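The values are calculated or read from the model by the stated rules, or taken from the named source; none is laboratory data. Just so you know, these numbers come straight off a predicted model, no measurement behind them. Note that each Cβ is placed from the backbone with ideal geometry, even for glycine, and that neighbours are counted across all protein chains shown. For the accessible areas, the whole protein counts, side chains as well, though only heavy atoms, and no ligand, DNA or RNA atoms are used. Shrake-Rupley method; radii C 1.70, N 1.55, O 1.52, S 1.80 Å.
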Amino acid sequence: LSVSFLRDFTGEFGEEYGAFFRTLLENPNPPLVPALIENFLTYEHELPYKIIQGLLRNPSGVVKRAAAHYLYYRGQYEAVRDLMPLLRDEDPETAKSVVNTLGRISRDYLIDNFSELSEKEGLQLTHVMQRIDENFVDSLIDLLGGLDDEDRVNLTLLLADMARHPGASESIEELLEDASEKVRASAVRGMAQIPADQLDDENIRRLFEDPN
């Protein structure tokens, strides 16, 4: 089978051969794996996790990156244990792909489990991921606008504890003008965590004027 031939598998024809494609991934030929993975992503077929584990342990960087790519879209928190060792992979492209996947999985886990995680657990996860992925806090900030008020309150308080990160402190300052009273109140609480030398006179004035 050639890579170009695999890419021709569309619609019902591609679905019919899903089981056969799984067997190809159990004994992978590296050049074929990226196209096989794309097939499963395209047709929303779940791969047994044991197959993904095998791909992550394959010596080929192409295979490991394809597995990480699959997990970027489908991976749950169970995959973190298998991904972490690959942060030290000798292939920098593989390590970079794993960083991106870990960031996505951890970000979603954090947002989905705010109510179950303690403040300490959420902060520890955020600190660890920021050390792994320098863009992790920025990716959390990007989510703010799409969350409901309860999650925005939780994320605001989490960002406050990360206030030494420039983007986090700037976001908290902006949230002082949020339409939600709860979010504004959380931003005020969060401002107390920001070092005084990071606050300008205008933000100090707004703190005293905000009724929440």
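Of the residues making up the stretch 153-166, not a single one is loosely packed, with under 15 Cβ neighbours inside 10 Å and either at pLDDT 80 or above or hydrophobic (A, V, I, L, M, F, W, C) (or both). When the residues of the stretch 83-114 are filtered to those that are touching a residue at least 24 places away in the same chain (Cβ under 8 Å) and in a loop (DSSP other than H, G, I, E, B), which remaining residue is farthest from Asp161 (Cα to Cα)? For the stretch 83-114, the residue satisfying everything is Asp91.
Looking at this structure, is Glu134 without any contact (Cβ under 8 Å) to a residue 24 or more places away in the chain, in a helix (DSSP H, G or I) and surrounded by fewer than 19 Cβ atoms within 10 Å (Cβ to Cβ)? Talk me through it step by step, then tell me what you get.
Details: without any contact (Cβ under 8 Å) to a residue 24 or more places away in the chain: yes; in a helix (DSSP H, G or I): no; surrounded by fewer than 19 Cβ atoms within 10 Å (Cβ to Cβ): yes.
No: the conditions fail for Glu134.
Looking only at the stretch 78-110, residues that are over 21 Å from Asp142 (Cα atoms) and open to solvent by 60 Å² or more (accessible area, probe 1.4 Å) come to 8 in all.
On the stretch given as the stretch 141-184, residues that are in a helix (DSSP H, G or I) and either of a type in the set (Asp, Glu) or free of Cβ contacts under 8 Å to residues at least 12 places away in the same chain (or both) total 12. Please work out if Ala187 is crowded, with 19+ Cβ neighbours inside 10 Å, modelled with pLDDT under 85 and not basic (Lys, Arg). Spelling it out, Ala187 is indeed crowded, with 19+ Cβ neighbours inside 10 Å, modelled with pLDDT under 85 and not basic (Lys, Arg). Among the residues of the stretch 4-27 satisfying the criterion of being open to solvent by 40 Å² or more (accessible area, probe 1.4 Å) and not in a helix (DSSP H, G or I), which is modelled with the highest pLDDT? Going through the qualifying residues, I end up with Asn27. Selection of helices (runs of 4 or more DSSP H) fully inside the stretch 28-76 by the criterion of at least 2 residues being modelled with pLDDT of 95 or more and buried (at least 16 other Cβ atoms within 10 Å of the Cβ) returns 49-56, 61-74.
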